[in-house]
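Just so it is clear, none of the values below were taken in a lab; they were calculated from the coordinates. Computed from a predicted structure; not experimentally measured. No Cβ is skipped: glycine too gets one built from the backbone with ideal geometry, and neighbour counts run over all protein chains shown.
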Amino acid sequence: MVIKKIGLSPLARFSRQAKRSYGTFGDIAEPASLSDNKGFIRKKAVPIENKPDFSNKANVEVNKGVNNNNGSLAVDDHVVGSKDKKDEKSVKEVEDSEEMNVKRGKKQKFKGPLFDSKGEYSWKMCSTRSKHNYIPCIDIEVASKRVQTYRHHERSCPKNGVMCLVPLPHDGYEKPVSWPESREKIWYKNVAHPKLAQYVKTQSWVVEAGEYLTFPQNQSELTGGIAHYLESIEEAIPDIEWGKNIRTILDIGCTDSSFAAYLFDKNVFTLTLGLKDDLVDLAQVTLERGFPAIVSPFATRRLPFPSGTFDTIHCGECQIHWQSNGGKLLLEMNRILRPAGYLIMSSKHDSIEEDEAMSKLTASLGWNILAHKTDDVSDIGIRIFQKPESNDIYALRRKKVPPMCKDNENPDAAWYAPINSCLHPIPSAIEDRGTEWPEEWPKRLQTFPDWMNNRDKLVSDTEHWKAIVDKSYLNGMGINWSTIRNVMDMHAIFGSFAAALSQQNVWVMNVVPVYAPDTLPIIFERGLVGIYHDWCESFGTYPRSYDLLHADHLFSRLKNRCKKAATIVVEMDRILRPGGWAIIRDKGPILKSLETIFKSLNWEIRMTFVQNKEGILCVQKTMWRP
């Protein structure tokens, strides 16, 4: 193996954050804790006549309450506590501010009811080109002889929202293989696709075995296997400690999922970005195996992440032309990568011209080339770059191209925001996010740096959700958690729900709505992963991606925003697997409307409870299609 190291330097203890201007994190939607002033959980016991049946029988209609062993109904104020009016007022001020509208790309509010109280729902199947794999804001709905592709160049959603149901695969659908067996095999019919069938015949990392697709251990598209590939990276950069100082990785362009699978054992959270031109639908295979993935175009707009959050970005067998269009795509990588973070790229047979152009581009960004080598076994060229840890390097550039961004250009604006042809300054003030690298995992999950305002609320919020998960979700709702792997928190705040599940065999996608206070940087700082999203639109993932959806006061915060709030429920039906669960906590009247919609979809109502105008609804999706 021939290795050329250039300017190798130790990993500096730096991270990335721009100073916030919209207020402190004390103005968060829900109270961080509904416990009493001493921090103890308040409980009330309400006698009930019959013990609810939490079995998975299809004939279950409505189960009310969660039982203790003594047959009484345990009602945590965490679950149905009254809202703090002061907090609700402060949140409304944040959501209504013009500054937030510009900063987060918020749409103009639609003045109308959240749900039609007299609404009657009847359903039909979607009739689209991509059929059972329909992704509304990415796929082109109607076929045309002039349109050769079936995916949009950029995110483009249907104007009136989607009110149809995505069909199941043509050959049927099987209950997904449970984790950890799903690492080794999945049902072929669940991810069936004509181009996938052709692709499988040419690969060694995925093998068709009867009704299953199997994944031989350590096999990869890379000759020599994924273990050899990662060992060569560690050999070149000894400062990289997977699962310790390197916790969050964005894997650009889904090829095989062996990269994420191998690093999972090392406590690395690898989020795979399946690009819009992934016509083989490999990102869906990744999700079916139980690994995190999203699907997104990557052309002229920013990715839906805050600045300076990923510890490392990886692009294996990279076919992206980084130097095209003035290097804008690489500028986007620079935006979301932590200061002193790594970009790892591998490719076969780069031309001398491409190599020189890439070196020139990274030099203009002030990046340090730590290693450039060709592996003797796989014949793969590997280049490892490191982002600057301070602004000093920018002043030393002979040509100030790209220029530095202006002070009023927000580095965290990411929803429908164009990629800017400029460099954002690296934070230098001690009170800014980005002046220190996070603690090693798992300590970083419970560590709250100085730049996090109101750390007491963060600690309280963590304890609050741990109590709910431990005392209600894991044991009181009849959910078989051995069947749960892919989880989404549809209205995440600090990532405390995900933190409470960190000891379970699940991963959680934390979604921070674009109209809510921007707490996504905190989630990344804790070693978790999330994304910005507007729930008036469809999410960037395949149908049947998740086993459990969690929505804490999502619908009440959407009031007067979406033209058809029922489209959110339709989207939940699209992304949730048959047999999957949804836990919804919200105001009583909203839950009543939601229960009507879920019943019309033939979902099973497993539990409902309302107290003091607040409540919880637990439902389970069935195999029903109209």
(message) Full-extension gain between Asn475 and Lys559, please, as 0.36 nm times their residue separation minus the C-alpha to C-alpha distance.
(response) 27.1 nm
(request) Could you work out the Kirkwood radius for the range 327-431, taking every pair of different alpha carbons, averaging 1/r and inverting it, reported in Å? (result) 15.1 Å
(request) For the pairs Lys443/Lys621; Lys328/Lys559; Lys360/Lys406; Lys266/Lys466; Lys131/Lys599; Lys189/Lys471, note any where the Cα-Cα span goes beyond 30 Å. (result) Lys443/Lys621; Lys328/Lys559; Lys189/Lys471
(request) Run the quick spin-label model on Cys422 and Ile352: label points 7 Å from Cα toward the beta carbon, then report their separation in nm to one decimal. (result) 3.8 nm
(request) Could you please report the charge total around Lys621, scoring K, R as +1 and D, E as -1 over all other residues with beta-carbon less than 9 angstrom from its beta-carbon? (result) -1
(request) Would you please classify the overall shape of the range 260-347 from the alpha carbon gyration tensor, given that a ≥ b ≥ c denote the square roots of the eigenvalues, rounded means a/c under 1.5, and beyond that prolate means a/b larger than b/c while oblate covers the rest? (result) oblate
(message) Using each residue's phi in the range 439-452, evaluate 6.51 cos²θ - 1.76 cosθ + 1.60 at θ = phi - 60° and report the 3J(HN,Hα) Karplus result to the nearest Hz, with x for Gly and Pro.
(response) 4, 5, 6, x, 4, 5, 4, 10, 9, 10, x, 5, 6, 7
(message) Given the C-alpha atoms of the range 420-475, compute the convex hull and give its volume per residue in Å³.
(response) 140 Å³
(message) If every alpha-carbon in the range 581-623 counts as one equal scatterer, what log10 I(q)/I(0) does Debye give at q = 0.17, 0.19, 0.33 1/Å?
(response) -0.39, -0.48, -1.19
(request) State the extension gain, in nm to one decimal, for the chain segment bounded by Asn602 and Thr622, taking 0.36 nm per residue of separation less the distance between their alpha-carbons. (result) 6.5 nm
(request) Per residue of the range 394-404, in order, report the coupling 6.51 cos²θ - 1.76 cosθ + 1.60 (Karplus, θ = phi - 60°) as ³J(HN,Hα) in whole Hz, putting x for Gly and Pro. (result) 5, 6, 8, 5, 5, 9, 7, 10, x, x, 6
(message) Quick query: amide H of Ala293 versus all other amide H atoms, modeled in the peptide plane; which residues come in under 5 Å with a sequence gap of 5 or more or a different chain?
(response) Thr272
(request) Grab the Cα-Cα distance for Asn391 and Gln504, subtract it from 0.36 nm times how many residues apart they are, and report the gain in nm with one decimal. (result) 36.6 nm
(message) Need one number: convex hull volume per residue for the range 382-486, Cα atoms only, in Å³.
(response) 225 Å³
(request) Would you mind getting me the FRET efficiency between Lys118 and Cys157? Use the beta-carbon distance for r and R0 = 30 Å, nearest 0.05. (result) 0.65
(request) For the range 483-546 and the range 189-224, compute the distance between their C-alpha centroids and round to whole Å. (result) 29 Å
(message) Starting from the 7 Å offset along Cα-to-Cβ, what nm value, one decimal, do you get for the label separation of Glu431 and Glu211?
(response) 6.2 nm
